Amino acid sequence: MTGFGPSRRSVLTAGAIAGGGLWIGLSPVNAGTEPASAAALNAFIRIAPDGIVTIIAQNPEIGQGVRTSIPMLIAEELDVDWGQVRIEPALADAKTYGRQVAGGSMATTLQYEPMRRVGAGARAMLVAAAAAGWGVPAAECSTAHGMVRHAGSGRSASYGSLASAAATLPPPDVAKLVLKAPHDFRLIGKPVPGVDNRRIAEGEPLFGIDTRLPGMKYAVFDKCPVPGGSVASADLAAVKARRGVAQAFVVPASGGEGALAAGVAIIADNWWTANQARPHLATKWTLPAGPRQTTAGDNAEAARLAAAAPQRLLVDSGDSKAALAAAVKTVKASYSYPFLAHAPLEPMNCTARVTGDKVEIWAPTQSPEAGRKLVAKVLGVPPANITIHMLRCGGGFGRRLTNEYMVEAAWIARAAGVPVKLVWSREDDMTQGNLRPGGWHNLEAGLAADGSITAWTNHFISYGGPQDFARAAGIDETQFPARFVPNFRLSASVMPLAVPTGYLRAPENNAFGFVMQSFIDELAHAVGADPLAFRQHLLGAPRRFGKDSLDFTGYDSGRARTVLDKAAAMAGWGRKLPDRQGLGIAFHFSHLGYFATVVEAAVATDGAVTVKKLWVAGDVGRQIVNPSGALNQVQGGVLDALGSSLGQAITLEDGAIAQRNFGDYPLLRLADAPPVEVAFVLSDNPPTGLGEPAYPATPPALANAIFAATGVRLRSLPLDTAALKA
Amino acid sequence: MPTRLRINNKPVTVTVDPDMPLLWVLRDELGLVGTKFGCGAGLCGACTVHLDGQPVRACQTPVSAVGTAAITTIEGLSASAMGRKLQDAWVSLDVPQCGYCQAGQLMAAAALLKATPKPGDGEIDAAMTGNLCRCATYTRIRQAIKLAAGVTA
Ligand code: FES
Ligand code: FES
């Protein structure tokens, strides 16, 4: 993924709102001509004659704060006060809004400049309308707080009063608009509380699962615990005889990746009644052919593959074999990590109403257009007939990038002939996930007398087919320390996979950070070097790889070094700690952000680990849009990483996921959440996203702190604290 | 048989299976969807409501077990001065990320402050440990409780 610069191929569109006022939007030049009235419904900004400014939040909100931060960009350049602004969620509509995906930490990266241009365009039209009315040059007018002023004549007018006149003017050339200099920002860079906070605190309906429609029924969908199974038999009559159950029917699999799985739907007057009826189905499943995946079997296969020659060679620079032979010291270690579930607190759910060949969907989704395609395909309806309301998501973490619950709800609602709210139980959610894949890394490094790493080899064991890796189970050839070690070899072997995998917060990197930065720590200790000094030496002089700072495969060692040094300074790196306490450090680059974490941990004699504090430094470019949301994201990402490192694993038994609920898949608790001190280092680079890059440096910083405290190197996640007994 | 309940100071009558958990009576029968479903097993606290001021997990409370106890849900939290203080603290400190757990967090916090108006960290830990936040907004939850309680962080 490269080249995310602001699109120069967009034009501003604008027009009059029926009943008065101005709307303004942004269209790709090849979008074709839409009737103005349709565009008005979907524009980015609406200014009503009464002065109310409505900004449309285009992206799915999963807790990353885009419903606040992206509208802030528009409001800044429009020069309105935040209190004058109302935020409205967009419908899913790729033609009007372009990419509407919550994924890859891309919203800030992609929207920072275009959304400011939308705001600046509306402002320019309002100024032009005022200037024309007053017969003064537009250049003599200024704006602030939703007003245009002309200092020379002392005249002023509110945006509301100018909106209808502005709507008759042609929109300005988007590329020629002059944006504010950062020192003139009134909103960007100020902490702004989330726009939905009050509604959340008062329990108003807001989330996907809160949807209620007239005549709506509630559904559960019982699916095979082993992916790919089909229904052999189910006692539909017994279930339909139960009080409150309206319907029960078998849903056949539709076939195709991510599409409809087979199962049994139960429709009832309320969700509990539907779910209570489920055991009475006594569903018998026809399991898919072939061996059933188990965690024990995978571990054995990984060991077998590690001992054999790698199946694929991904990178081979220099001569690692010769360099290892010539090394003063060599270190070998194997690392592994488990499958993980996303487990957002709001279980998967979707509400659907099908009328003829029209489908209306209310969904908490991170990727509505992908859902539309899937629903269109499986139900055989034109994509344009599907309306998708993007509702607030009770957490995403990548889980809602796939939309199988959307297809299920649509199919079930059509079959039932009534609007249906489908809600997965927590057990459904835990056992029907798209897992973060597990993996194994077999590493060896050679060191020179001065502590330089002269060789680095990694035989990566993952999942996939003969040609490729399973989803989110690959490795990028530029993963650090590629390019920083002269003799570098990355090879891989794969085993087949029978469960679906998917993208979890900082995909792939969430595991690689642990592997690479733990092994680097081992190398530092192997040569008796300070772990910070060893990393500084490895990064070397500041230099940059890749096309530009928006290149996912790039790397700027200067930025990595800056956050590393900053986190170390914040934590007081090098200070003496009592027995069985230690500091650990790590850094990582992913999703265009550079982060370093220092963990202070204490290990009790029974092995229990207490994290006392974390210090985190991050560089995501020259501007933090909303410091409040940004801090929340970083603290959340870091604590998420801590929680997963200390206790989460999904295991497979006989082809099915063994974990069922939060009892055997523990989330971090308040009492175990240490303070997280965060500093943003500003650098002269485009602003980029924060949902993901804070995560990967934390697991290794924790493992490294545990090593500093105990001398025990834990090479597997979740960290086995039983091994830390004194 | 109709069951009579008192929810947020209003009398309500529902005709449901007596085993039906209060959570689903609130959400599906009465449309009070502020109380959230997270686990259905008493493991996450998203469904926390008050019975006579005591925090309970609505997913584990059969409607027949409520008896004459007054039910307070998140929709009724602002009826008390302390509830409003907590809500204001949650908004101004920008506690939510996704926000899904926060109704349960607020109800747990309100019960804590009723019993312990000036809680220390240990008391906050004990009262809030059953309320999971998948987004891990714990730092701000702790700060917001302290802000509402008027204790220094
Ligand atoms: S839904 Fe009741 S405790 Fe989780
Ligand atoms: S804010 Fe998302 S679960 Fe708490």
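So which residues in segment B:47-69 are in a strand (DSSP E or B) and either among the charged types (D, E, K, R) or out of contact with any helix residue (DSSP H, G or I) (no Cβ under 9 Å at 6 or more places or on another chain) (or both), if there are any at all?
B:Arg57
For segment A:174-218, name all the residues that are free of Cβ contacts under 8 Å to residues at least 40 places away in the same chain and assigned to a loop (DSSP other than H, G, I, E, B). It would help to see each step written out before you state the result.
Here is the first cut: in segment A:174-218, the residues free of Cβ contacts under 8 Å to residues at least 40 places away in the same chain are A:176, A:181, A:183-184, A:197-205.
Within segment A:174-218, A:Ala181, A:Glu202, A:Gly203, A:Glu204, A:Pro205 meet the criteria.
Select from segment A:103-126 the residues that are of a type in the set (A, V, I, L, M, F, W, C) and either open to solvent by less than 10 Å² (accessible area, probe 1.4 Å) or in the same structural domain as A:Pro693 (by TED's automatic domain parsing) (or both) and list them in ascending order.
A:Met106, A:Met115, A:Val118, A:Ala120, A:Ala122, A:Met125, A:Leu126
Given the criterion in a helix (DSSP H, G or I), at the interface with another protein chain (Cβ under 10 Å from one of its Cβ atoms), open to solvent by 10 Å² or more (accessible area, probe 1.4 Å) and within 15 Å of ligand 2 (Cβ to nearest atom), identify the matching residue among B:Arg142, B:Arg134.
B:Arg142 is the lone residue from the list that is in a helix (DSSP H, G or I), at the interface with another protein chain (Cβ under 10 Å from one of its Cβ atoms), open to solvent by 10 Å² or more (accessible area, probe 1.4 Å) and within 15 Å of ligand 2 (Cβ to nearest atom).
Yes or no: segment A:132-148 includes at least one residue that is assigned by TED's automatic domain parsing to the domain that holds A:Leu22, crowded, with 21+ Cβ neighbours inside 10 Å and within 20 Å of the chain's Cα centre (by Cα).
Looking through segment A:132-148, none of the residues is assigned by TED's automatic domain parsing to the domain that holds A:Leu22, crowded, with 21+ Cβ neighbours inside 10 Å and within 20 Å of the chain's Cα centre (by Cα).
Given the conditions (1) away from ligand 1 (no atom under 16 Å from the Cβ); (2) surrounded by fewer than 22 Cβ atoms within 10 Å (Cβ to Cβ); (3) of a type outside the set (D, E, K, R), report the number of the one that B:Gly83 does not fulfil.
(2)
What are the residues in segment A:238-251 that are within 17 Å of A:Asp269 (Cα to Cα) and either surrounded by fewer than 19 Cβ atoms within 10 Å (Cβ to Cβ) or within 14 Å of chain B (Cβ to nearest Cβ) (or both), if any?
Within segment A:238-251, A:Ala238, A:Lys240, A:Ala241, A:Arg242, A:Arg243, A:Gly244, A:Val245, A:Ala246, A:Phe249 qualify.
Against the conditions (1) open to solvent by 40 Å² or more (accessible area, probe 1.4 Å); (2) in a loop (DSSP other than H, G, I, E, B); (3) within 30 Å of A:Val231 (Cβ to Cβ), where does A:His280 fall short? Just the number, please.
A:His280 satisfies every listed condition except (2).
How many residues does segment A:71-84 contain that are closer than 16 Å to A:Pro191 by Cβ and either touching a helix residue (DSSP H, G or I) at 6+ places or on another chain (Cβ under 9 Å) or not in a helix (DSSP H, G or I) (or both)?
Within segment A:71-84, residues that are closer than 16 Å to A:Pro191 by Cβ and either touching a helix residue (DSSP H, G or I) at 6+ places or on another chain (Cβ under 9 Å) or not in a helix (DSSP H, G or I) (or both) number 7.
Suppose the filter is part of a strand (DSSP E or B) and open to solvent by 10 Å² or more (accessible area, probe 1.4 Å); does A:Thr553 pass it?
Judged against the criteria, A:Thr553 is not a match.
Taking A:Glu427 as meeting all but one of (1) touching a helix residue (DSSP H, G or I) at 6+ places or on another chain (Cβ under 6 Å); (2) within 14 Å of chain B (Cβ to nearest Cβ); (3) open to solvent by 10 Å² or more (accessible area, probe 1.4 Å), write down the number of the exception.
(1)
Of the residues A:Leu667, A:Leu714, which is open to solvent by less than 20 Å² (accessible area, probe 1.4 Å), within 14 Å of chain B (Cβ to nearest Cβ) and over 30 Å from A:Leu550 (Cβ atoms)?
A:Leu667
Which residues, taken from segment A:449-505, are among the acidic types (Asp, Glu) and under 21 Å from A:Phe589 (Cα atoms)?
Hits for segment A:449-505 are A:Asp476, A:Glu477.
Among the numbered criteria (1) surrounded by 16 or more Cβ atoms within 10 Å (Cβ to Cβ); (2) facing chain A (nearest Cβ under 7 Å); (3) not in a helix (DSSP H, G or I), which one does B:Thr3 miss?
Tallying (1) surrounded by 16 or more Cβ atoms within 10 Å (Cβ to Cβ); (2) facing chain A (nearest Cβ under 7 Å); (3) not in a helix (DSSP H, G or I), B:Thr3 fails exactly one: (2).
Which of the following residues is over 30 Å from B:Pro96 (Cα atoms), part of a helix (DSSP H, G or I) and not assigned by TED's automatic domain parsing to the domain that holds A:Gly104: A:Ala473, A:Ala413, A:Ala445, A:Ala482? Even if it seems obvious, please write down each step before you answer.
Numbers: A:Ala473 fails: part of a helix (DSSP H, G or I); A:Ala445 fails: part of a helix (DSSP H, G or I); A:Ala482 fails: part of a helix (DSSP H, G or I).
Criteria check complete, one pass: A:Ala413.
When you scan segment A:183-227, how many residues do you find that are at the interface with another protein chain (Cβ under 10 Å from one of its Cβ atoms), of a type in the set (A, V, I, L, M), under 30 Å from B:Ala110 (Cβ atoms) and surrounded by fewer than 24 Cβ atoms within 10 Å (Cβ to Cβ)?
2
A:Ala586 - would you say it is away from chain B (no Cβ under 14 Å), open to solvent by 30 Å² or more (accessible area, probe 1.4 Å) and within 19 Å of A:Arg713 (Cβ to Cβ)?
Spelling it out, it is not the case that A:Ala586 is away from chain B (no Cβ under 14 Å), open to solvent by 30 Å² or more (accessible area, probe 1.4 Å) and within 19 Å of A:Arg713 (Cβ to Cβ).
Residue check: is B:Ala103 in the same structural domain as B:Thr13 (by TED's automatic domain parsing), in contact with a Gly (Cβ under 6 Å, 6 or more places away or on another chain) and hydrophobic (A, V, I, L, M, F, W, C)?
Spelling it out, it is not the case that B:Ala103 is in the same structural domain as B:Thr13 (by TED's automatic domain parsing), in contact with a Gly (Cβ under 6 Å, 6 or more places away or on another chain) and hydrophobic (A, V, I, L, M, F, W, C).
Is it the case that A:Leu642 is under 18 Å from the mean Cα position of the chain (by Cα), at pLDDT below 95 and aliphatic (A, V, I, L, M)?
For A:Leu642, the condition - under 18 Å from the mean Cα position of the chain (by Cα), at pLDDT below 95 and aliphatic (A, V, I, L, M) - is not met.
Out of curiosity, is B:Ala65 within 16 Å of ligand 1 (Cβ to nearest atom) and surrounded by fewer than 19 Cβ atoms within 10 Å (Cβ to Cβ)?
yes
Does segment B:14-28 contain any residue that is within 12 Å of another protein chain (Cβ to nearest Cβ), within 16 Å of ligand 2 (Cβ to nearest atom) and not basic (Lys, Arg)?
no
Tally up the residues in segment B:95-112 that are away from ligand 1 (no atom under 16 Å from the Cβ) and surrounded by fewer than 23 Cβ atoms within 10 Å (Cβ to Cβ), please. Step through it out loud before you land on a result.
Here is the first cut: in segment B:95-112, the residues away from ligand 1 (no atom under 16 Å from the Cβ) are B:95-97, B:110, B:112.
So of that shortlist, the ones also surrounded by fewer than 23 Cβ atoms within 10 Å (Cβ to Cβ) come out as B:112.
Within segment B:95-112, residues that are away from ligand 1 (no atom under 16 Å from the Cβ) and surrounded by fewer than 23 Cβ atoms within 10 Å (Cβ to Cβ) number 1.
Considering each residue of segment B:33-49, count those that are more than 16 Å from ligand 2 (Cβ to nearest atom) and surrounded by fewer than 23 Cβ atoms within 10 Å (Cβ to Cβ), and give that number.
So the count comes out to 2.
Looking at segment A:619-636, which of the residues that are out of contact with any helix residue (DSSP H, G or I) (no Cβ under 6 Å at 6 or more places or on another chain) and away from ligand 2 (no atom under 16 Å from the Cβ) is nearest to A:Trp573 (Cα to Cα)?
Top of the filtered list is A:Val620.
The conditions are (1) more than 10 Å from chain B (Cβ to nearest Cβ); (2) touching a helix residue (DSSP H, G or I) at 6+ places or on another chain (Cβ under 9 Å); (3) open to solvent by less than 30 Å² (accessible area, probe 1.4 Å), and A:Pro686 fails exactly one of them. Which is it?
So the condition that A:Pro686 fails would be (3).
Would you point out which residue out of B:Met107, B:Met82 is more than 8 Å from chain A (Cβ to nearest Cβ), within 14 Å of ligand 2 (Cβ to nearest atom) and in a helix (DSSP H, G or I)?
Selected residue: B:Met107, the only one of B:Met107, B:Met82 that is more than 8 Å from chain A (Cβ to nearest Cβ), within 14 Å of ligand 2 (Cβ to nearest atom) and in a helix (DSSP H, G or I).
The values are calculated or read from the model by the stated rules, or taken from the named source; none is laboratory data. Just so it is clear, the model here is predicted, and its values are computed rather than measured. FYI the Cβ positions are ideal-geometry reconstructions off the backbone, even for glycines, and counts take in every protein chain you see. Ligands, DNA and RNA are excluded from the accessible area calculation, which covers all protein heavy atoms including side chains. Shrake-Rupley method; radii C 1.70, N 1.55, O 1.52, S 1.80 Å.
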